Amino acid sequence: MDNGVSAGSTASTSTLGNIALGLTLLAFGIGHTGVIDGVSAADSVSLAMYVGGAALFLLGLLEYRGGDGFNGTAFAGLGIFWFTWAKGAGGSVTDEAAGTFLVLFAMLALTLTVAAASGLFGQGVYALLTLSLLLLAIGAFVDNGTLAKAGGWVAAVSGLLAWYGATAALAHWPMAFGKARSGGAVAAS
């Protein structure tokens, strides 16, 4: 790509990244809750691999190219998480290995929570993701389905928030912690 050619608007890749993150988290979370009969977390593997994994990773690279280090880190890092989770889902992984994997990515989510400059709304999405991953990890370590369900509910709420934030930015809807600005970026105060 020629250096004179723009890599794309970071506002549009950020919005698309948040939609991808939101939908993946929602499907992953609903699968863990068991709220829909016959739907499990394993049913979200394709979505996690391609939308949450490959698409988020690519959007992360575009964010880096556009100069947004935070969204580049968030989307590329979470893309790696979703792709790796999807590849290992249903495999013969021990509960301890699954729990360790979830703790490691909870650490990434915690880093994103602390570093989010988008305000309380963005921090809330990543904080809920952190909590969800920790609940799922502890549930894996102690073989507790109730903790896994709780982690699923928290993931689903985080996904709804990420989706709503991106949709609000596109549609210029009001935000609970700020308002949508023109240009697709979300300001939270």
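The values are calculated or read from the model by the stated rules, or taken from the named source; none is laboratory data. None of these values were measured; they are calculated from a predicted model. Quick reminder, even Gly has a Cβ in these numbers, built from the backbone with ideal geometry, and neighbours come from all protein chains shown. Please note that ligands, DNA and RNA were not included when accessible areas were found on the heavy atoms of the full protein model with its side chains. Shrake-Rupley method; radii C 1.70, N 1.55, O 1.52, S 1.80 Å.
Under 5 Å between amide hydrogens, built in the peptide plane, is the criterion, and for Met175 it picks out Ala180 among residues at least 5 positions away or on other chains.
Across the options Pro174, Gly52, Val39, the greatest Cα extent toward the positive end of the charge dipole of the chain (unit charges at beta carbon of Lys, Arg, Asp, Glu) belongs to Pro174. Relative contact order of region 90-159: 33 percent, from C-alpha pairs under 8 Å at least 6 residues apart in sequence.
Here the peptides 83-89, 157-163, 13-19 are ranked by packing, the mean other Cβ count within 10 Å, and the order with the highest first is 13-19, 157-163, 83-89.
The residues of region 1-159 expose, per residue, 46 Å² of accessible area to a 1.4 Å probe. In the chain, the DSSP-assigned H stretches of four residues or longer account for a calculated mean residue ellipticity at 222 nm of -23000 deg cm²/dmol, using -39500 (n - 2.57) per stretch and the full residue count as denominator. Within the assembled protein chains, the solvent-accessible surface assigned to His172 is about 100 Å², based on a 1.4 Å probe. In order along region 78-88, the phi-based Karplus estimate (6.51 cos²θ - 1.76 cosθ + 1.60, θ = phi - 60°) of 3J(HN,Hα) comes to 6, x, 4, 4, 5, 5, 5, 4, 5, 5, x Hz; Gly and Pro are listed as x.
What ranking of Tyr126, Tyr64 comes out by heavy-atom accessible area, probe 1.4 Å, highest first?
Tyr64, Tyr126
What's the carbon and sulfur percent of region 69-184's accessible surface, probe 1.4 angstrom, rounded to a whole number? On region 69-184, the fraction of accessible area on carbon and sulfur atoms equals 70 percent.
Phi-derived couplings, Karplus 6.51 cos²θ - 1.76 cosθ + 1.60 at θ = phi - 60°, listed residue by residue for region 23-30: 5, 5, 4, 4, 5, 4, x, 4 Hz, with x used for Gly and Pro.
Take Asp95, Asp37, Asp43, Asp68 and sort them by solvent-accessible surface of the protein heavy atoms, 1.4 Å probe, largest at the top. Spell out each step's value before the answer.
Working: Asp95 75, Asp37 150, Asp43 100, Asp68 40 Å².
Most to least solvent-accessible, the answer reads Asp37, Asp43, Asp95, Asp68.
Residues in region 31-36 carry Karplus couplings, in order, of x, 6, 6, x, 5, 9 Hz; the curve used is 6.51 cos²θ - 1.76 cosθ + 1.60 with θ = phi - 60°, and Gly or Pro positions show x.
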